[in-house]
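Asks: If you scroll down you'll find the structure; I have some questions about it.
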Amino acid sequence: MAAPKRIAFLPGDGIGPEITDEGAKVMKATGERFGYTFQIDFGWIGGSAIDRLKNPLPEETLTLCKQADAVLLGAVGGPSWDRNPPELRPEKALLGLRKELDLFANLRPTTLFPGLEESSTLKAEVLQGVDFLVVRELTGGIYFGEKFTEETPAGERATDTLVYTEVEVERIVRRAFEIAQVRRGKVTSVDKANVLESSRLWRKVAERVAKEYPDVELDHLLVDNCAMQMIRRPADFDVIVTENMFGDILSDEAAILTGSIGLLPSASLGEGHRGLYEPVHGSAPDIAGQGVANPIATILSVALMFRYSFHDDAAAKAIEGAVNDVIASGARTMDMASTESLALSTEEVGDKVVEAL
Ligand code: ATP
Ligand code: MG
């Protein structure tokens, strides 16, 4: 038997503990079927870590994550910590983790689940066959550039700086090409090369890297056009790769195409196999503790863990197939159900996925 996979298990705040329990359940069931064992190490993070240890990202949690093969995270934050000073904000833990683990690639798949077309804002025929992945650069660009405000005769003047190095662009673009090779072989690189110098560098590097992947087709789209095409012809995209801020905006746009926020998983990856897996949604304090949250985003994040950290596409597909079957059978948590009386609990949906596996 192979060595156990080490999992840093960080439930966090709000609905975090409820949904990560279901994620862990599915992870163990998948492990039984595909021959994995796990060493699961709990860590405090976010608001609950502030309450206990006065630190949103305690040293012991960080150490756990650095020793782990993968991190499974619920969500952080909530109204009780909203007025905290900046260093005691739960969200600080996420930035800290990304930086400390050098997770420069954020992956967000968008797929269509059976019977959920009606919950989308788009027409069913436009949604047919939607299956794409946004690869967002996560540690560079304008969010991390130099920023300052100064007094001028024209009033205050505020500056944000958008910087990318060739190395930073190359590693994220390369990651997109590698992923496209095992998908449908198409990369759309998104930039604003008609006006931004950093985008011209981005495009040049993308062109150069593309030569090493002759089996992958590369095209370029300006970000404003991409925002439009994502809604007009979403089924045409395979892998979209873009810089930090454009990716932030486009991935939220992608998120609403196919239905509930409770369905969307994410992976954040660095150079090695280690990754951080978490649902796209937040801690949903409004429904926390009621056992009604949708666990599917977290369960699909576990599928991404098998795919990207354990390089086991078969196990990932088994989880995705099970989720598909459960949704097709009509099982729904409150956010997906058309009437509340039909809604299942968080735990019931998790159990159904395990059964389907
Ligand atoms: P954040 O700032 O962390 O993004 P937020 O309050 O902006 O938090 P969410 O926590 O994602 O956003 O919640 C947005 C809405 O979506 C809330 O009404 C919440 O109840 C709902 N929601 C989020 N996740 C789920 C889920 N897994 N199941 C059901 N509803 C959810
Ligand atoms: Mg939010």
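Asks: Taking a ≥ b ≥ c as the square roots of the Cα gyration tensor eigenvalues, with a/c under 1.5 meaning rounded and otherwise prolate when a/b beats b/c, else oblate, which class fits the stretch 27-119?
Replies: oblate
Asks: Treating the beta-carbon of each Lys and Arg as +1 and of each Asp and Glu as -1, no other charges, what is the dipole magnitude of the chain about its Cα centre, to the nearest 20 debye?
Replies: About 600 debye.
Asks: Once you've got the GNM for the chain with C-alpha springs shorter than 10 Å, pick whichever of ASN84, ASN244, ASN324 has the biggest mean-square fluctuation.
Replies: It is ASN84.
Asks: To continue, here is another question. Any chance you could check the Cα centroid distance between the stretch 1-41 and the stretch 105-125 for me, in angstrom?
Replies: Centre-to-centre (Cα) distance: 26 Å.
Asks: Anyone know which of GLU125, GLU22, GLU170 comes out most mobile in the 10 Å Cα GNM of the chain?
Replies: GLU125
Asks: What's the magnitude of the charge dipole for the stretch 212-341 around its Cα centre, counting Lys and Arg as +1 and Asp and Glu as -1 at the beta-carbon? Answer in Debye, nearest 20.
Replies: Approximately 480 debye in magnitude.
Asks: Here's something else I'd like to know. Just list whichever of LYS92/LYS186; LYS123/LYS186; LYS5/LYS92; LYS54/LYS317; LYS99/LYS186 have alpha carbons separated by over 32 Å in the model shown.
Replies: LYS92/LYS186; LYS54/LYS317
Asks: Nearest 500 deg cm²/dmol is fine: what mean residue ellipticity at 222 nm does the chain get from its DSSP H runs of n ≥ 4 alone, each adding -39,500 (n - 2.57), divided by its residue count?
Replies: -12000 deg cm²/dmol
Asks: Something else: LYS54 versus THR149, label points 7 Å from Cα toward the beta carbon: distance in nm?
Replies: Roughly 3.0 nm, to one decimal.
Asks: Which shape class applies to the chain: rounded if a/c is under 1.5, otherwise prolate when a/b exceeds b/c and oblate if not, where a ≥ b ≥ c are the square roots of the Cα gyration tensor eigenvalues?
Replies: Here the chain falls in the rounded category.
Asks: How large is the charge dipole for the stretch 6-74, taken about the Cα centre, if only the Cβ atoms of Lys, Arg (+1) and Asp, Glu (-1) carry charge, to the nearest 20 debye? Present the calculation step by step, with values, prior to reporting the outcome.
Replies: Working: 7 positive and 10 negative charges, 33 e Å.
The calculation lands at about 160 debye.
Asks: Between the stretch 170-208 and the stretch 312-357, what's the alpha-carbon centroid distance in Å?
Replies: 35 Å
Laboratory data are not the source of any read-out in this text; all were calculated from the coordinates shown. Only a predicted model underlies this, so the values are computations on that prediction, with no experimental measurement involved. For neighbour counting, all protein chains shown are included, and Cβ atoms are generated from backbone atoms with ideal geometry for every residue, glycine included.
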